[in-house]
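Working notes, structure below.
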């Protein structure tokens, strides 16, 4: 008669023989092993039948009602302290002491490998639990973001300087296209610095650009893919500096900008994603340099 019981970090094999009860205990963390045969006289239970002692031990190891066992180790010895309330009135307490099993070299190598495997399994289990927690957290956050996005779809931003706004300056925060942006920077003009809050804006058409460059205008957007600028023949725009703050712009058109110069140097300064470029009536642009750059980087160029 034999049983295998898992108790905390121990795997315990208990076997009832003719005259003894055999124990083999393996610590599943350290893989130390303890074994030995237990006789009734060692337990000072000479009046008890061996099979009854075995039953009491099993009940304690399984933590049945009224039965318990505590396990401690010290200096190569493992101690099992049994406490039983037999029949609901008879208290019994006894100890079992087992020595650590001395391993051969081959067995020790096997144990070391098993120990490493167990640590790996434990680590993977912890990582999987953490992944599950993170997945749950991401799903929760996504739900919250979607809910917030839905609520923000009813919000509007006043794109004008305070006190000079008109109805056209109020745009939905989730707008995707603006075709009447006036960048004169007068009190009635549109504010460049608020564009970054239009989180779904994809296309922007600017009728005036009375600023020297994008950095000075504080024009930023991570969603913008198409940008059209008409400088109306005014010489304010001299450089594309700050274009890196519009990192996803793919289609760029600039017309009537007589003072615009260093286009290629700005393109080279960041991870440019432009695939279509139209330059029209921009007399200071180095045409040969720009054509060479666009051809090398597979940018479709229209210049006149």
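Since every read-out is calculated from the coordinates, none of them should be taken as a lab result. Please read these numbers as outputs of a predicted model, since none were measured by experiment. Here the Cβ is made from the backbone with ideal geometry for all residues, glycine too, and neighbour counts use every protein chain on show.
Considering only residues that are more than 13 Å from residue 293 (Cα to Cα) and surrounded by fewer than 18 Cβ atoms within 10 Å (Cβ to Cβ), which ones fall in the stretch 257-268?
Of the residues in the stretch 257-268, the ones more than 13 Å from residue 293 (Cα to Cα) are 257-261.
Answer for the stretch 257-268, where residues must be more than 13 Å from residue 293 (Cα to Cα) and surrounded by fewer than 18 Cβ atoms within 10 Å (Cβ to Cβ): 258, 259, 261.
Report whether or not residue 295 is exposed (fewer than 13 other Cβ atoms within 10 Å of the Cβ) and over 39 Å from the mean Cα position of the chain (by Cα). It would help to see each step written out before you state the result.
Values: exposed (fewer than 13 other Cβ atoms within 10 Å of the Cβ): yes; over 39 Å from the mean Cα position of the chain (by Cα): yes.
Yes.
So, in the stretch 29-60, exactly how many residues are surrounded by 14 or more Cβ atoms within 10 Å (Cβ to Cβ), in contact (Cβ under 8 Å) with a residue 24 or more places away in the chain and not in a helix (DSSP H, G or I)?
Residues that pass the stated criteria total 8.
I'm checking my understanding of the structure. Among residues of the stretch 121-172 that are part of a loop (DSSP other than H, G, I, E, B) and in contact (Cβ under 8 Å) with a residue 24 or more places away in the chain, which one is nearest to residue 206 (Cα to Cα)? Break it down stepwise before answering.
Of the stretch 121-172, the ones part of a loop (DSSP other than H, G, I, E, B) are 153-155, 159, 161-166.
In the following step, the residues that additionally are in contact (Cβ under 8 Å) with a residue 24 or more places away in the chain were identified as 159, 161, 163-164.
Numbers: 159: 13, 161: 17, 163: 22, 164: 19 Å.
It comes out as 159.
Provide a single number: the residues in the stretch 74-103 that are outside any loop (DSSP other than H, G, I, E, B) and surrounded by fewer than 16 Cβ atoms within 10 Å (Cβ to Cβ). Even if it seems obvious, please write down each step before you answer.
Within the stretch 74-103, the subset outside any loop (DSSP other than H, G, I, E, B) is 74, 77-86, 90-100.
So of that shortlist, the ones also surrounded by fewer than 16 Cβ atoms within 10 Å (Cβ to Cβ) come out as 74, 77, 79, 81, 83, 85-86, 90-91, 93, 95, 97, 99.
So the answer is 13.
Looking at (1) in a strand (DSSP E or B); (2) under 18 Å from residue 83 (Cβ atoms), can you tell me which one residue 6 breaks?
(2)
Determine which single condition residue 63 fails, assuming it passes every other condition in (1) assigned to a helix (DSSP H, G or I); (2) within 19 Å of residue 3 (Cβ to Cβ).
All conditions pass for residue 63, except number (1).
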